[in-house]
Amino acid sequence: MNILGIDTSCDDTSAAVVADGRNVLSNVVNSQIKLHHPYGGVVPELASREHIRNIAPVVSEALSRAGIGINDLDGIAVTIGPGLIGSLLVGLYYAKGLAMVRRIPLAAVNHLEGHILSILLEDKQPGFPFVALTVSGGHTSLYHVTGQGRYAHMGQTLDDAAGEAYDKVAKILGLGYPGGAIIETMALGGRDLIDFPRAQISPDSLNFSFSGLKTSVSLFVNRWYDNEKIRAEIKKEDIAASFQEAVIDVLAQKLIKAVEKAGVDSMVVAGGVACNKALRKRLSDEADARGIKFYYPRPVYCTDNGAMIALTGYYRIMRGEKSGQAEDVRSRYPIEEIRQ
Ligand code: KG4
Ligand code: ZN
């Protein structure tokens with residue numbers, strides 16, 4: 001069963017073909033990084049126009065790399081939210097058109113469910129139940145996953161997402177967009193010298209907050225630029241390393257707390273920030289120390305991709321859930337609102 005998965009939720013136009021919810025035949029991502037780079041973040045209007053230009057060629061490329069034609073598709077899965085409305089609309093209407101012409105099932109997919117299930121694209125995957133941390137430019141959330149389509153929300157960021165904090169700190173340091181990979185590389189040459197705040201909310205809380213950390217970095221950087229003596233002692237690399245350490249501390253602490261609270265023995269990290277090697281290393285060490293099994297998808301399945309949407313759609317179609325032409329996009333789409 002060949003499913004075409006389409007994701008246009010933010011700034012990447014992605015399409016993939018996945019066979020039987022398992023074999024990725026192709027996974028094409030057209031990145032808009034260069035377009036948004038000068039603005040230090042995604043400009044929604046530019047993103048949707050670029051999706052319109054890219055969607056047909058990206059889908060063609062996905063089919064051609066998979067070695068199949070449009071008539072070999074058995075279903076189409078598309079992200080309907082959460083995300084940027086204008087961007088989501090491009091993917092949904094393209095998918096609707098294709099599904100109508102070909103008369104094949106359409107599956108409307110929640111982007112966050114895609115990130116949670118992206119681990120099922122890997123050979124090394126957990127059994128249910130497990131706890132998943134999805135950490136990206138738009139989200140930082142913890143879920144207790146007890147089965148396909150069964151997700152209990154355990155905690156989330158109350159303000160900025162972790163990836164958003166990386167992007168904003170990169171902007172403050174004049175490093176460009178997106179900030180995650182740039183800061184990760186820069187941190188390799190730095191030392192954890194500055195004690196930036198680790199917001200706890202309350203001792204038992206599984207919620208996150210990164211806006212205080214971002215403000216604290218901003219205030220520090222202002223002093224650092226103005227003061228030659230501080231600049232002689234502390235390098236930009238040290239600021240990057242100290243910031244990253246603060247983010248990783250909080251993510252690791254809350255994920256372990258969530259695993260213990262849920263009483264499971266497996267944990268998963270997914271989403272763009274999960275590409276970060278220092279984060280993976282810390283989570284791996286923390287898991288080993290407690291006998292917890294730890295899983296993470298390869299980087300191309302961590303950042304936004306069509307394969308995770310195809311896989312999620314495959315399971316929805318197999319469960320008999322079909323979405324119709326009346327389906328609409330949703331900028332907010334909490335996972336609890338997914339139709340079972
Ligand atoms: O999942 P994703 O591709 O898109 C969203 O759904 O947001 O995640 C993009 C985010 C960006 O904020 C980017 O800075 C961050 O993931 N990111 C990283 C790394 N690679 C990407 N953050 C930290 N370290 C990385 N290596
Ligand atoms: Zn994402």
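The values are calculated or read from the model by the stated rules, or taken from the named source; none is laboratory data. Bear in mind that the values here come from a model prediction, so they are computed numbers and not experimental data. Note that we place each Cβ from the backbone using ideal geometry, even for glycine, and neighbour counts take in every protein chain shown. Only protein heavy atoms, including side chains, enter the accessible area calculation; ligands, DNA and RNA are left aside. Shrake-Rupley method; radii C 1.70, N 1.55, O 1.52, S 1.80 Å.
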(request) Would you mind telling me which numbered condition in (1) touching a strand residue (DSSP E or B) at 6+ places or on another chain (Cβ under 7 Å); (2) free of Cβ contacts under 8 Å to residues at least 12 places away in the same chain residue 264 fails? (result) (2)
(message) All but one of (1) in a loop (DSSP other than H, G, I, E, B); (2) touching a residue at least 60 places away in the same chain (Cβ under 8 Å) hold for residue 244; state the number of the condition that does not hold.
(response) (1)
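Table: residues versus (1) surrounded by fewer than 18 Cβ atoms within 10 Å (Cβ to Cβ); (2) modelled with pLDDT of 95 or more; (3) among the charged types (D, E, K, R); (4) assigned by TED's automatic domain parsing to the domain that holds residue 274.
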position: 179; (1), (2), (3), (4): no, no, no, yes
position: 183; (1), (2), (3), (4): no, yes, no, yes
position: 210; (1), (2), (3), (4): no, yes, no, yes
position: 215; (1), (2), (3), (4): yes, yes, no, yes
position: 222; (1), (2), (3), (4): yes, yes, no, yes
(message) It is to be established whether one or more residues within region 316-336 are modelled with pLDDT of 95 or more, within 12 Å of ligand 1 (Cβ to nearest atom) and surrounded by 15 or more Cβ atoms within 10 Å (Cβ to Cβ).
(response) no
(message) If the requirement is being assigned by TED's automatic domain parsing to the domain that holds residue 315, under 18 Å from the mean Cα position of the chain (by Cα), within 18 Å of residue 178 (Cα to Cα) and open to solvent by less than 30 Å² (accessible area, probe 1.4 Å), which of these qualifies: 81, 91, 41?
(response) 41
(request) Report, by residue number, each residue of region 1-21 that is outside any strand (DSSP E or B) and hydroxyl-bearing (Ser, Thr, Tyr). (result) 8, 9
(request) Take residue 304 and decide whether it is touching a strand residue (DSSP E or B) at 6+ places or on another chain (Cβ under 9 Å), within 18 Å of residue 7 (Cα to Cα), away from ligand 2 (no atom under 14 Å from the Cβ) and of a type in the set (Asp, Glu). (result) no
(request) Filter region 254-275 down to the residues that are open to solvent by 10 Å² or more (accessible area, probe 1.4 Å) and within 16 Å of ligand 2 (Cβ to nearest atom), then identify the one that is nearest to residue 11 (Cα to Cα). (result) 272
(request) Name the one entry in 31, 26 that is within 16 Å of ligand 2 (Cβ to nearest atom), touching a strand residue (DSSP E or B) at 6+ places or on another chain (Cβ under 8 Å) and either assigned by TED's automatic domain parsing to the domain that holds residue 324 or under 29 Å from residue 149 (Cα atoms) (or both). (result) 31
(request) From (1) surrounded by 19 or more Cβ atoms within 10 Å (Cβ to Cβ); (2) over 29 Å from residue 317 (Cα atoms); (3) touching a residue at least 40 places away in the same chain (Cβ under 8 Å); (4) of a type in the set (Gly, Ala, Ser), pick out the condition that doesn't hold for residue 137. (result) (2)
(message) I'd like to check something: does region 67-75 contain any residue that is open to solvent by less than 10 Å² (accessible area, probe 1.4 Å) and not assigned by TED's automatic domain parsing to the domain that holds residue 274?
(response) yes
(request) Would you mind stating whether residue 281 is assigned to a helix (DSSP H, G or I), open to solvent by 40 Å² or more (accessible area, probe 1.4 Å), more than 28 Å from residue 167 (Cα to Cα) and among the basic types (Lys, Arg)? (result) no
(request) Find the residue count for region 230-244, including only residues that are charged (D, E, K, R) and either under 17 Å from residue 168 (Cβ atoms) or surrounded by 21 or more Cβ atoms within 10 Å (Cβ to Cβ) (or both). (result) 1
